[in-house]
Amino acid sequence: MNVLRLAWKSLLNRRDTASLTVLTIAVSVALLLGVEKVRSHARLSFANTVSGTDLIVGARSGSVQLLLYSVFRIGNATSNVAWSSYTDISTWPGVRWAIPISLGDSHRGYRVMGTSPDYFEHFRYADKRRLGFSEGGPFAETLDAVLGAEVARKLGYRLGDELVVTHGIGTEGFDDHDNHPFKVTGILAPTGTPVDRTVHVGLAGIEAMHMNWNRVETDRRRARGQDLTPRQITAFLLGLDNRLAAFKLQRDINQYGAEPLLAIFPGVALQELWDLMRVGEQALRVVSILVAAAALAGLLAVSLAGLNERRREMAVLRSVGAGYRHVMELLLMESALLTLVGIAMGVAMQNLALRALQPWIVERFGLLLPISLPTAGEWPLLGGLMTAGLLVGLVPAWRCYRNSLADGLSTRL
Amino acid sequence: MPEVTEELIEIEDLRFGWPGAAPLLSCDRFLLRRGEHLYIRGPSGSGKSTLLNLLAGVLTPDSGRLSLMRQDTGSLAAAARDRLRADHIGFIFQQFNLVPYLNLAENVVLPCHFSRRRATRAAEAHGGVTAAARLLLQRLFVEEELDPTAPVSRLSVGQQQRVAAARALVGDPEIVIADEPTSALDFDARARFIELLFEQVQASRATLVFVSHDPTLAACFDRTVDIDDFRAETRP
């Protein structure tokens, strides 16, 4: 029987206090891991919202604001971009593709985005992933709509269903149409990005809707060759042949003569936006680290409180030949065991909690937190906690060493 | 027999006092030879546990020399003294000898975890430390059926002392130091314990140092000293 087994048996003998200590450590580990997981995945899903787009162009405002409304569909553009600017810039050398975006309408709380079919071709999210269709395909007719995964799921739409788009943003618009102009022709696969919460229609569809045409009317007018080209759009996304040209292109767009425009790098703007939220992120982390510190303080208190009762046990061990080293090892080993079991339980608790809450978290926040063993990013946290547990164990070990020096082999305590 | 004259503990001009207090122990010459059964008479509070801590190498003399197994404890590091104690001395205390969270056999084999020498000896003599422990327990509990894997918490004080004796003897250490091992026992248990202890000490040819304030036991020993002989203030 080595010192480890001795420590284990000694802990089993004091299993009531030991298990409480383990429990507090486990709770703090679960919290620490949970916060870390939410933090890293919030950040990841944030960074995943757009990729493969080299520049986002909108009317001159702030880069974060432009990012918020063009990518996250949050807030509104203060002014628009002329269609002519879009067509002009999209023909500039070095521009591989340009996708117009027209926002400002909604359907039962979900934003409606007018765009071109190219959107489904060129838009990328996460790790350069294309948008996939779970049903149907891109819009073809003027009044066709493609729904994001969440829109279809939450509102229960299927292919061929008709839906009303309200002008302005809100659950109920003020000029609801009696006729249901848009028809669902495609439903996108889930992406975990704002795309899931978007109703996509053609730019011409937006125009037609604003003129209050129904399907029949639209077909009739189009047949007569009526132009449904918009005069303004909200923003547009640019893909370039050569990413190195992006800086020059950005400068050229920012100095565009016809109207004041702003071009931003999505990655840079995402980083700026994330930095804005960093305070909250840090606060979360600090709180969970404080909880871990409290758990370790509990471990220390329990170990120190136990020492006095165990002076006799230590004297007996000394009398059968244990050196100071063994006695200190025993105490250190106990702290290590309590911390280790606490960490293991914490990982299990966090996994179980996530298993139970995962559907709700996806539903509520659109965050898919994977259930997994601790990831590479989490091991250092656990390692740090383990080290802290060992360091905490040094205190009773040292105290016990002092006691042993004073007590010698006396067992009459 | 040459080994009978072998000196296990040798004291020369030893002086010891706790810091800030008057010198407590003083001894010019003392020898403990192999096979001796020494009785040290002394009431508690007479510096007895200090003397035992010195003999065990837990404390070292302020001046003079105390050799344990021909090694000067004062010149050894604490860890080396711990090893010396683990290898050569078995202890029995007045009470509370046992580790509460280990069972009988585990308590008995405990010294073998800290002393390779005793573990080897137990294994050579009995085929294993646990076998050695069981055998000792059998000998010390001749009249009783005893489960070696039972917890120690249900034992009577007399039974606990016998388990402690088995532990002190396991792996055949040269010296067994018993510090008032019978003072918590009633008369019958005391007689039985002394009888069994002597049997086993003789069987393992160990040297016994028995400290007690009960003068009736002195007759069983071949040598008696008084704790006062070691005390600085009372020494003649």
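The values are calculated or read from the model by the stated rules, or taken from the named source; none is laboratory data. Predicted, not measured: the structure shown is a model, and the values here were computed from it. Please note: Cβ atoms are built from the backbone with ideal geometry, for glycine as well, and neighbour counts cover all protein chains shown.
Scanning region A:322-343 for residues that are of a type in the set (Gly, Ala, Ser) and touching a residue at least 12 places away in the same chain (Cβ under 8 Å) gives A:SER335, A:ALA336, A:GLY342.
Here A:LEU369 does not fit the description of being within 14 Å of chain B (Cβ to nearest Cβ), in contact with a Lys or Arg (Cβ under 9 Å, 6 or more places away or on another chain) and in a loop (DSSP other than H, G, I, E, B). Selection within region A:372-413: residues that are under 33 Å from the mean Cα position of the chain (by Cα) and of a type in the set (Gly, Ala, Ser). The member of this set that is nearest to the other protein chains (Cβ to nearest Cβ) is A:GLY389. Against the list (1) touching a helix residue (DSSP H, G or I) at 6+ places or on another chain (Cβ under 8 Å); (2) within 13 Å of chain A (Cβ to nearest Cβ); (3) crowded, with 19+ Cβ neighbours inside 10 Å, the condition B:GLN94 fails is (1). On the stretch given as region A:61-90, residues that are part of a helix (DSSP H, G or I) and closer than 18 Å to A:LEU273 by Cβ total 8. A:LEU67 satisfies every condition listed in (1) of a type outside the set (D, E, K, R); (2) out of contact with any strand residue (DSSP E or B) (no Cβ under 6 Å at 6 or more places or on another chain); (3) surrounded by fewer than 18 Cβ atoms within 10 Å (Cβ to Cβ) except (3).
Test B:GLN159 against the criterion of being in a helix (DSSP H, G or I), of a type in the set (S, T, N, Q) and over 17 Å from the mean Cα position of the chain (by Cα), and give yes or no.
Yes; evaluated as a whole, the condition is true for this residue.
Scanning region A:49-60 for any residue that is surrounded by fewer than 16 Cβ atoms within 10 Å (Cβ to Cβ), modelled with pLDDT of 90 or more and part of a loop (DSSP other than H, G, I, E, B) turns up at least one such residue.
Specify which of the listed residues (B:LEU76, B:LEU59) is surrounded by fewer than 19 Cβ atoms within 10 Å (Cβ to Cβ) and either at negative phi or within 7 Å of another protein chain (Cβ to nearest Cβ) (or both). Break it down stepwise before answering.
On the way: B:LEU59 fails: surrounded by fewer than 19 Cβ atoms within 10 Å (Cβ to Cβ).
Exactly one of B:LEU76, B:LEU59 is surrounded by fewer than 19 Cβ atoms within 10 Å (Cβ to Cβ) and either at negative phi or within 7 Å of another protein chain (Cβ to nearest Cβ) (or both), namely B:LEU76.
Of the residues screened, B:LEU8 is not one that is of a type outside the set (Gly, Ala, Ser), closer than 20 Å to A:GLY408 by Cα and crowded, with 21+ Cβ neighbours inside 10 Å.
Of all residues in region A:1-42, which are in a helix (DSSP H, G or I), out of contact with any Asp or Glu (no Cβ under 7 Å at 6 or more places or on another chain) and within 14 Å of chain B (Cβ to nearest Cβ)?
Answer for region A:1-42, where residues must be in a helix (DSSP H, G or I), out of contact with any Asp or Glu (no Cβ under 7 Å at 6 or more places or on another chain) and within 14 Å of chain B (Cβ to nearest Cβ): A:LEU4, A:ARG5, A:LEU6, A:TRP8, A:LYS9, A:LEU12, A:ASN13, A:ARG15, A:ASP16, A:THR17, A:ALA18.
So which strands (runs of 3 or more DSSP E) stay within region B:1-70 end to end and still have 2 or more residues that are among the acidic types (Asp, Glu)? Walk me through it before giving the result.
Working: elements: B:7-16, B:25-33, B:37-41, B:63-68.
Of the strands (runs of 3 or more DSSP E) lying wholly inside region B:1-70, those with at least 2 residues that are among the acidic types (Asp, Glu) span B:7-16.
Being within 14 Å of chain B (Cβ to nearest Cβ) and at pLDDT 85 or above holds for only one residue in A:SER319, A:SER288, and it is A:SER319.
Being in contact with a Leu (Cβ under 7 Å, 6 or more places away or on another chain) and part of a loop (DSSP other than H, G, I, E, B) is the filter here; which residues of region B:118-148 pass it?
Matches in region B:118-148: B:LEU146, B:PRO148.
Output yes when any residue across region A:392-413 is surrounded by 19 or more Cβ atoms within 10 Å (Cβ to Cβ), of a type in the set (Val, Ile, Thr) and in contact with a Ser or Thr (Cβ under 7 Å, 6 or more places away or on another chain), and no when none is. There is at least one residue in region A:392-413 that is surrounded by 19 or more Cβ atoms within 10 Å (Cβ to Cβ), of a type in the set (Val, Ile, Thr) and in contact with a Ser or Thr (Cβ under 7 Å, 6 or more places away or on another chain). It is to be established whether one or more residues within region A:327-347 are under 21 Å from the mean Cα position of the chain (by Cα), under 23 Å from A:VAL29 (Cα atoms), assigned by TED's automatic domain parsing to the domain that holds A:SER40 and not acidic (Asp, Glu). Yes, there is a match, as at least one residue in region A:327-347 is under 21 Å from the mean Cα position of the chain (by Cα), under 23 Å from A:VAL29 (Cα atoms), assigned by TED's automatic domain parsing to the domain that holds A:SER40 and not acidic (Asp, Glu). I'm checking my understanding of the structure. Among residues of region B:97-121 that are more than 13 Å from chain A (Cβ to nearest Cβ) and closer than 22 Å to B:MET69 by Cα, which one is surrounded by the most Cβ atoms within 10 Å (Cβ to Cβ)? It comes out as B:ARG121.
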